[in-house]
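Everything below concerns the one structure shown next.
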Amino acid sequence: MSKTHTDNPSLSTSERSKLFQRQYEALSSSERSTFDNWSRAISNYTGWGLTDKEKQERSVRTNYEKDLKDCKRCEKWRNELIKTSPLVIFMNESLKKSGVVFDQSNMPCMKCDEMRSGGFSSDGVIQLCYNRLYGKGHLETTMAHEMIHAYDQANFNIDWYNLEHHACTEIRAASLSGDCTWFQELLRGNVGFLKHHQVCVKRRAKLSLLANPNCKSEKHAEAAVNKVFQSCFTDTRPFDEIY
């Protein structure tokens, strides 16, 4: 294959630039348009040849497009799970008996800064963190976990700033939602056999309590979990047994 003039190693950078400009100007208008579109596509994909400002704009645009894609995926999965997941359907039916209904309007998909896949607020809204989900099954577990919190709030007099109250609902949610199945634990890098479900439930509950403003330390959280563990772990309402 013959080399073009721009392949000549003896040419300086300035000479190569001038030669390229002459070759570009020799192109027809349609050829220029094709080349410009190709060049822009390569620059946007790789960041090559962009100014600092253009790189910043590209980063903002790329992040926005990813957020939009992840959010739409979360909403699609959520809508499907509301209709098809036995676990989510059962929890919704149980919540309806308590006068609470969850649908797309009060289970928004949103971006979360914290390392969590979801959350429940005392005003009756479940947040689903689209940027923290690694699959549809993970979202199903997250929805069930937060719906158990909603069930507990609807049926029991929960004071969310009371560590023992908070510990109890976290124990129940971790145990009954599927949050501590062997597969979920494997994904977290935690593998065990002897009473591993209980170990996982305690660990997950303690982690949640650390975010409570009334929790003073890890020992404080652990003490609250241990104090209520037996009574809350064996309370499987509204299930007949652990899911």
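Laid out as a table, the results:
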| item | result |
| --- | --- |
| Packing-based order for 99-106, 202-209, using average beta carbon neighbours within 10 Å, highest first | 202-209, 99-106 |
| Extension reserve of the H196-T34 stretch, reckoned as 0.36 nm per residue once the Cα distance is removed | 52.2 nm |
| Cβ-Cβ FRET estimate between R116 and E241, R0 fixed at 30 Å, reported to 0.05 | 0.65 |
| Stretchable slack from T51 to T84, in nm (0.36 nm times residue separation minus alpha-carbon distance) | 7.0 nm |
| Student exercise, the range 89-243 dipole from Lys, Arg, Asp, Glu Cβ charges, in Debye to nearest 20 | 380 debye |
| q = 0.14, 0.18 Å⁻¹, the range 85-220: log10 I(q)/I(0) [Debye, one scatterer per Cα] | -0.64, -1.08 |
| Under the Karplus curve 6.51 cos²θ - 1.76 cosθ + 1.60, θ = phi - 60°, whole-Hz ³J(HN,Hα) for the range 228-237, x wherever Gly or Pro sits | 9, 4, 4, 5, 7, 5, 7, 8, 9, 4 |
| Charge dipole (debye, nearest 20) of the range 151-193; +1 at Cβ of Lys and Arg, -1 at Cβ of Asp and Glu | 160 debye |
| The range 68-144 - percent relative contact order, Cα under 8 Å, separation 6 or more | 34 percent |
| J(HN,Hα) series, the range 79-90, from Karplus relation 6.51 cos²θ - 1.76 cosθ + 1.60, nearest Hz, glycine and proline x | 4, 5, 5, 4, 8, 10, 6, x, 5, 5, 4, 4 |
| Sequence ranges 112-119, 173-180, ranked by mean other-Cβ count within 10 angstrom, highest first | 173-180, 112-119 |
| Additional length obtainable on full extension of the chain from K219 to T234, 0.36 nm per residue less Cα span | 3.1 nm |
| Distance between the range 141-168 and the range 196-214 - C-alpha centres, whole angstrom | 13 Å |
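Taken together, the values in this text are just the output of simple stated rules run on the coordinates, not laboratory data. All values reported here derive from a predicted model rather than from experimental measurement. Every residue, glycine among them, receives a Cβ derived from its backbone with ideal geometry; neighbour counts consider all protein chains shown.
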